[in-house]
1. Between residue 207 and residue 134, with labels modelled 7 Å along Cα→Cβ, what's the label distance in nm to one decimal, could you check?
2. If you take every DSSP beta bridge fully contained in the chain, what fraction is antiparallel? Give it as a percent rounded to 5.
3. Summarise the accessible area of the chain (1.4 Å probe, protein heavy atoms) by the percent that is carbon and sulfur.
4. With no solvent and one point on each alpha carbon, what is the Debye value of log10 I(q)/I(0) for the chain at q = 0.06, 0.08 Å⁻¹?
5. Could you give the angle, 0 to 90 degrees to the nearest 10, between helix 126-135's Cα long axis and the longest principal axis of the Cα atoms of the chain?
6. Could you tell me which of rounded, prolate or oblate describes the stretch 35-156, using a ≥ b ≥ c as the square roots of the eigenvalues of the alpha-carbon gyration tensor, with rounded for a/c under 1.5 and, failing that, prolate when a/b is larger than b/c and oblate otherwise?
7. Per residue, how much accessible surface does the stretch 238-321 expose to a 1.4 Å probe? Answer in Å², no decimals.
8. Pairs of Cα atoms under 8 Å, at least six residues apart: use those to get the relative contact order of the chain, whole percent.
Amino acid sequence: MPIATEYLLDTPAGRARAAALLGSGRLVAFATETVYGLGADATDARAVAGIFAAKGRPRFNPLIAHYPDAAAAFAHVAADARARSLAAAFWPGALTLVLPRAAACPVAEIAGAGLPSLAVRVPSHDGARALLRAIGRPVAAPSANPSGRVSPTTAAHVLEGLYGRIDAVLEGGACPVGVESTVLDLTGAAPRLLRPGGIPREAIEAAIGPLAIANTSDDNAPRAPGMLSSHYAPSLPLRLDARAVGSDEALLAFGPPLPGARMVFNLSPEGDLTEAAARLFAGLRSLDRAALQAGCTAIAAMAVPGRGLGLAINDRLARAAAPRPAGTEGTHPS
Ligand code: TXA
Ligand code: MG
């Protein structure tokens with residue numbers, strides 16, 4: 001495992017170094033429009049295994065393969081008419097399509113967890129696409145955070161969680177969307193929404209008609225209805241749909257804040273869901289830290305409407321509030 005992590009500037013030299021490291025099987029975090037990804041050459045099984053080790057992922061979840069354009073992505077999967085019209089409408093952008101692997105797909109089995117399908121995405125972040133173009137190979141990239149912790153939307157967040165565990169982070173600014181991509185399964189007759197994300201469900205339905213909503217979680221394991229795996233966890237317990245604030249609580253507000261909180265982070269004072277998504281993970285981090293320091297015992301989150309990006313925001317908040325595996329309570333994102 002690396003002992004120091006290079007911080008690479010968003011310059012031609014920094015980008016060239018990032019591409020060279022990725023091309024030689026090393027781990028490099030880079031910005032996308034959604035969150036920072038922890039990248040490895042998707043065709044290099046050893047490199048991809050390094051992602052799981054660096055994140056401390058309990059098991060080998062399938063990863064998304066990132067491409068610079070739709071033509072490159074569709075060379076590795078079997079894209080039907082639905083996939084092509086979605087790509088035309090939303091790529092580059094925050095939509096991931098799960099499609100059958102093509103016969104000659106070079107993506108390592110471990111990247112797709114041995115599944116016959118592969119998740120592909122073309123990010124819209126200019127730096128990400130330039131990097132992908134420079135490497136000329138698909139890049140497997142989950143969010144660049146230790147497993148179960150809040151996803152990073154700045155290079156500083158990445159270093160906070162993974163310094164010394166990855167080879168480099170390429171500066172790419174703050175991620176403008178702020179929540180991960182929408183994951184859509186197109187392997188069956190009916191398209192299924194596996195994860196709400198940066199492209200709203202309504203926009204996808206306007207393009208291809210009604211979606212089935214999958215009862216799966218981020219780790220892609222089948223689970224009982226209502227069971228959500230803990231994820232995106234802050235240190236303090238998170239209480240959802242707060243209608244009042246306790247004297248020991250910090251408030252994650254949306255719109256006009258509830259009165260009486262010791263401290264407040266407002267996702268969007270005007271109630272704008274796009275702004276709220278962009279500020280969600282950074283806000284959870286900073287509120288969690290400040291609230292801990294101030295001796296608060298919990299974070300109360302106000303309700304967020306479930307339309308547009310609100311579906312993804314509520315999904316992430318529900319995971320952040322879900323019961324945690326034993327031994328992880330009270331630990332701070334490192
Ligand atoms: O915005 C994003 O999607 C970010 C950036 C870095 O691109 N990446 C990201 O990756 O969020 P990750 O690994 O945290 O989430 C990937 C999601 C998981 O829910 C995983 O189960 C699902 O995609 N997934 C990947 N491959 C799949 C497959 N073959 N079948 C079903 N689900 C799959
Ligand atoms: Mg993740």
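1. 2.8 nm
2. Values: 18 of 41 bridges.
Restricted to the chain, the bridges split so that about 45 percent are antiparallel.
3. The nonpolar share, carbon plus sulfur, comes to 59 percent.
4. Rounded to two decimals, the profile gives -0.19, -0.35.
5. Helix 126-135 and the main axis of the chain meet at about 30 degrees.
6. On the way: a/c = 1.69, a/b = 1.26, b/c = 1.34.
It is oblate, given that a/c is not under 1.5 and a/b is not larger than b/c.
7. Values: 3400 Å² over 84 residues.
For the stretch 238-321, the solvent-accessible area averages 41 Å² per residue.
8. Details: 794 pairs, mean separation 65.0, N = 334.
It rounds to 19 percent for the chain.
The values are calculated or read from the model by the stated rules, or taken from the named source; none is laboratory data. Nothing here was measured: the structure is a model prediction, and the numbers come from that model. Using ideal geometry, Cβ is built from the backbone for each residue, glycine included, and neighbour counts are taken over all protein chains shown. Calculation scope for accessible area: heavy atoms of the full protein, side chains included, ligands and nucleic acids excluded. Shrake-Rupley method; radii C 1.70, N 1.55, O 1.52, S 1.80 Å.
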